[in-house]
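S.K.: Below: one structure in C-alpha coordinates.
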Amino acid sequence: MVSHKGADVAEAEIGTEVIVAKLADEKKTGELLPLPRGFYAAVERSFTSMGTGSVAELQNRRTALNALKAKRTQKLLIYLAYGKTPPEHLPPEEDALYQKLLSTLNSGEAALPKTRKIKILIKIPEVITNKGRKLGPYQEGEIVQPDDPDDAEFIINNKIGELVG
(Lines give C-alpha, C1' and ligand atoms only; values in the text may rest on other atoms or scores of the structure.)
Protein backbone atom coordinates (compact mmCIF):
# COMPACT_ATOMS: atom_id res chain seq x y z
CA MET A 1 0.00 0.00 0.00
CA VAL A 2 1.18 3.54 -0.75
CA SER A 3 1.27 5.81 2.29
CA HIS A 4 0.23 9.42 1.87
CA LYS A 5 1.97 10.62 5.04
CA GLY A 6 5.53 10.66 3.68
CA ALA A 7 6.47 7.17 4.89
CA ASP A 8 8.20 4.57 2.78
CA VAL A 9 6.34 2.91 -0.07
CA ALA A 10 5.46 -0.66 0.83
CA GLU A 11 3.92 -1.46 -2.53
CA ALA A 12 6.27 -2.86 -5.18
CA GLU A 13 4.34 -1.38 -8.09
CA ILE A 14 2.64 1.95 -8.57
CA GLY A 15 0.20 2.04 -11.44
CA THR A 16 -0.62 4.82 -13.84
CA GLU A 17 -3.82 5.56 -11.92
CA VAL A 18 -1.87 6.37 -8.75
CA ILE A 19 0.54 8.64 -10.62
CA VAL A 20 -2.33 10.45 -12.37
CA ALA A 21 -4.14 10.87 -9.03
CA LYS A 22 -1.00 12.35 -7.44
CA LEU A 23 -0.64 14.74 -10.40
CA ALA A 24 -4.29 15.82 -10.09
CA ASP A 25 -3.79 16.47 -6.37
CA GLU A 26 -0.64 18.55 -7.08
CA LYS A 27 -2.53 20.65 -9.63
CA LYS A 28 -5.23 21.50 -7.07
CA THR A 29 -2.92 23.33 -4.67
CA GLY A 30 0.05 25.64 -4.63
CA GLU A 31 1.58 23.64 -1.79
CA LEU A 32 3.99 20.77 -2.35
CA LEU A 33 2.12 17.68 -1.19
CA PRO A 34 3.89 14.89 0.68
CA LEU A 35 5.01 11.87 -1.31
CA PRO A 36 6.21 8.62 0.22
CA ARG A 37 10.03 8.52 0.50
CA GLY A 38 10.36 5.57 -1.87
CA PHE A 39 7.78 6.78 -4.38
CA TYR A 40 10.06 7.32 -7.38
CA ALA A 41 11.97 4.06 -6.78
CA ALA A 42 8.65 2.18 -6.63
CA VAL A 43 7.51 3.81 -9.86
CA GLU A 44 10.77 2.82 -11.57
CA ARG A 45 10.32 -0.76 -10.31
CA SER A 46 6.85 -0.72 -11.83
CA PHE A 47 8.37 0.08 -15.23
CA THR A 48 10.70 -2.91 -15.08
CA SER A 49 7.96 -5.22 -13.81
CA MET A 50 5.76 -4.30 -16.76
CA GLY A 51 8.24 -6.17 -18.94
CA THR A 52 6.66 -6.71 -22.31
CA GLY A 53 3.37 -5.07 -21.30
CA SER A 54 1.44 -2.62 -23.40
CA VAL A 55 3.62 0.01 -25.05
CA ALA A 56 0.74 2.48 -24.78
CA GLU A 57 0.40 1.81 -21.04
CA LEU A 58 4.15 2.27 -20.59
CA GLN A 59 4.05 5.57 -22.48
CA ASN A 60 1.03 6.77 -20.49
CA ARG A 61 2.76 5.96 -17.21
CA ARG A 62 5.99 7.69 -18.30
CA THR A 63 4.06 10.78 -19.49
CA ALA A 64 2.13 10.99 -16.20
CA LEU A 65 5.35 10.58 -14.20
CA ASN A 66 7.14 13.29 -16.19
CA ALA A 67 4.20 15.67 -15.68
CA LEU A 68 4.20 14.95 -11.93
CA LYS A 69 7.95 15.54 -11.70
CA ALA A 70 7.63 18.80 -13.68
CA LYS A 71 4.82 20.10 -11.45
CA ARG A 72 6.69 19.24 -8.26
CA THR A 73 9.93 20.77 -9.61
CA GLN A 74 8.00 23.94 -10.45
CA LYS A 75 6.72 24.09 -6.87
CA LEU A 76 10.24 23.54 -5.47
CA LEU A 77 11.45 26.49 -7.54
CA ILE A 78 8.61 28.63 -6.21
CA TYR A 79 9.54 27.62 -2.66
CA LEU A 80 13.13 28.70 -3.38
CA ALA A 81 12.08 31.98 -4.98
CA TYR A 82 10.06 33.00 -1.94
CA GLY A 83 12.42 31.59 0.68
CA LYS A 84 9.80 29.12 1.83
CA THR A 85 10.82 25.86 3.50
CA PRO A 86 9.55 22.76 1.66
CA PRO A 87 7.66 20.00 3.47
CA GLU A 88 9.75 17.95 5.87
CA HIS A 89 9.36 14.61 4.07
CA LEU A 90 10.48 14.98 0.48
CA PRO A 91 11.50 11.97 -1.60
CA PRO A 92 15.33 11.79 -1.63
CA GLU A 93 15.45 12.72 -5.33
CA GLU A 94 13.53 15.96 -4.72
CA ASP A 95 15.44 16.77 -1.55
CA ALA A 96 18.74 16.41 -3.42
CA LEU A 97 17.47 18.73 -6.17
CA TYR A 98 16.26 21.30 -3.64
CA GLN A 99 19.56 21.25 -1.72
CA LYS A 100 21.59 21.60 -4.92
CA LEU A 101 19.51 24.55 -6.12
CA LEU A 102 19.64 26.18 -2.69
CA SER A 103 23.41 25.77 -2.57
CA THR A 104 23.75 27.27 -6.04
CA LEU A 105 21.61 30.26 -5.11
CA ASN A 106 23.47 30.81 -1.84
CA SER A 107 26.88 30.66 -3.52
CA GLY A 108 25.80 33.43 -5.91
CA GLU A 109 24.77 35.64 -3.00
CA ALA A 110 28.14 35.24 -1.32
CA ALA A 111 29.88 36.62 -4.42
CA LEU A 112 27.96 39.92 -4.24
CA PRO A 113 29.25 42.70 -2.01
CA LYS A 114 27.22 43.49 1.13
CA THR A 115 26.80 47.23 0.50
CA ARG A 116 26.32 48.04 -3.12
CA LYS A 117 26.07 51.18 -5.13
CA ILE A 118 23.62 50.70 -7.95
CA LYS A 119 23.07 52.83 -11.02
CA ILE A 120 19.38 52.91 -11.95
CA LEU A 121 18.88 52.01 -15.60
CA ILE A 122 15.25 53.03 -16.10
CA LYS A 123 12.85 55.56 -14.60
CA ILE A 124 10.55 53.79 -12.14
CA PRO A 125 7.82 55.49 -10.12
CA GLU A 126 7.67 52.79 -7.43
CA VAL A 127 8.18 49.04 -7.29
CA ILE A 128 7.25 46.49 -4.65
CA THR A 129 9.69 43.67 -3.96
CA ASN A 130 8.61 40.06 -3.58
CA LYS A 131 9.07 40.60 0.17
CA GLY A 132 6.55 43.46 0.10
CA ARG A 133 8.94 46.39 0.48
CA LYS A 134 8.45 49.55 -1.60
CA LEU A 135 11.41 50.89 -3.57
CA GLY A 136 11.60 54.09 -5.53
CA PRO A 137 10.75 56.31 -7.17
CA TYR A 138 13.99 56.25 -9.14
CA GLN A 139 15.27 58.35 -12.01
CA GLU A 140 17.35 56.93 -14.85
CA GLY A 141 21.06 57.35 -14.06
CA GLU A 142 20.46 57.85 -10.32
CA ILE A 143 22.99 56.16 -8.00
CA VAL A 144 21.41 54.44 -4.98
CA GLN A 145 22.74 52.35 -2.12
CA PRO A 146 19.92 50.30 -0.58
CA ASP A 147 20.28 49.49 3.12
CA ASP A 148 18.91 45.99 2.66
CA PRO A 149 21.00 43.58 0.52
CA ASP A 150 17.76 41.90 -0.61
CA ASP A 151 16.56 45.19 -2.08
CA ALA A 152 19.83 45.62 -3.98
CA GLU A 153 19.59 42.08 -5.28
CA PHE A 154 15.98 42.68 -6.35
CA ILE A 155 16.96 45.82 -8.31
CA ILE A 156 19.83 44.02 -10.06
CA ASN A 157 17.95 40.77 -10.78
CA ASN A 158 15.00 42.67 -12.26
CA LYS A 159 17.24 44.76 -14.54
CA ILE A 160 16.18 48.00 -12.85
CA GLY A 161 19.80 48.82 -12.06
CA GLU A 162 23.38 47.61 -12.24
CA LEU A 163 26.32 47.54 -9.85
CA VAL A 164 28.77 50.42 -10.04
CA GLY A 165 32.28 50.69 -8.54
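S.K.: Looking at residue 118 and the list (1) in contact with an Asp or Glu (Cβ under 8 Å, 6 or more places away or on another chain); (2) assigned to a helix (DSSP H, G or I), which single condition is not satisfied?
M.R.: (2) is the only condition that residue 118 fails.
S.K.: Further question: For residue 152, state whether it is small (Gly, Ala, Ser), farther than 29 Å from residue 71 by Cβ and modelled with pLDDT under 85.
M.R.: Taking the combined requirement at face value, the residue does not satisfy it.
S.K.: While we're on this one: Using the structure shown, decide if residue 85 is hydroxyl-bearing (Ser, Thr, Tyr), under 11 Å from the mean Cα position of the chain (by Cα) and not in a helix (DSSP H, G or I).
M.R.: Numbers: hydroxyl-bearing (Ser, Thr, Tyr): yes; under 11 Å from the mean Cα position of the chain (by Cα): yes; not in a helix (DSSP H, G or I): yes.
Yes.
S.K.: Looking only at residues that are of a type in the set (D, E, K, R) and under 19 Å from the mean Cα position of the chain (by Cα) in segment 1-57, which one is modelled with the lowest pLDDT?
M.R.: Step one: of segment 1-57, the residues of a type in the set (D, E, K, R) are 5, 8, 11, 13, 17, 22, 25-28, 31, 37, 44-45, 57.
Still in the list and also under 19 Å from the mean Cα position of the chain (by Cα): 22, 25-28, 31, 37.
Working: 22: 95, 25: 97, 26: 96, 27: 96, 28: 96, 31: 92, 37: 86.
Within segment 1-57, the match that is modelled with the lowest pLDDT is 37.
S.K.: Ok, one more. Residue by residue through segment 30-39, note down the ones that are crowded, with 16+ Cβ neighbours inside 10 Å and more than 9 Å from residue 14 (Cα to Cα). Steps first, answer last, please.
M.R.: Going through segment 30-39, the residues crowded, with 16+ Cβ neighbours inside 10 Å turn out to be 32, 34-39.
Within segment 30-39, 32, 34, 35, 36, 37, 38 qualify.
S.K.: For the structure I just gave you, tell me whether residue 67 is over 13 Å from the mean Cα position of the chain (by Cα) and over 27 Å from residue 105 (Cα atoms).
M.R.: On the way: over 13 Å from the mean Cα position of the chain (by Cα): yes; over 27 Å from residue 105 (Cα atoms): no.
Against the criterion (over 13 Å from the mean Cα position of the chain (by Cα) and over 27 Å from residue 105 (Cα atoms)), residue 67 does not qualify.
S.K.: Something else about it: With the structure loaded, tell me whether residue 151 is in contact with a Lys or Arg (Cβ under 9 Å, 6 or more places away or on another chain), acidic (Asp, Glu), within 30 Å of residue 31 (Cα to Cα) and not in a loop (DSSP other than H, G, I, E, B) or whether it fails that test. Even if it seems obvious, please write down each step before you answer.
M.R.: Values: in contact with a Lys or Arg (Cβ under 9 Å, 6 or more places away or on another chain): yes; acidic (Asp, Glu): yes; within 30 Å of residue 31 (Cα to Cα): yes; not in a loop (DSSP other than H, G, I, E, B): yes.
It is true that residue 151 is in contact with a Lys or Arg (Cβ under 9 Å, 6 or more places away or on another chain), acidic (Asp, Glu), within 30 Å of residue 31 (Cα to Cα) and not in a loop (DSSP other than H, G, I, E, B).
S.K.: Right, here's the next one. If I filter segment 68-96 down to residues being modelled with pLDDT of 95 or more and aliphatic (A, V, I, L, M), which single residue comes out as nearest to residue 20 (Cα to Cα)?
M.R.: My answer is 68.
S.K.: Moving on to the next point. Going through 35, 90 one at a time, which residue ends up being more than 30 Å from residue 154 (Cβ to Cβ), among the aliphatic types (A, V, I, L, M) and either touching a Cys at 6+ places or on another chain (Cβ under 9 Å) or assigned to a loop (DSSP other than H, G, I, E, B) (or both)?
M.R.: On the way: 90 fails: more than 30 Å from residue 154 (Cβ to Cβ).
The unique qualifying residue is 35.
The values are calculated or read from the model by the stated rules, or taken from the named source; none is laboratory data. Everything numeric in this text was worked out from a predicted model, so none of it was measured. A quick note on method: Cβ atoms are made from the backbone with ideal geometry, for glycine too, and the neighbour counts reach across all protein chains shown.
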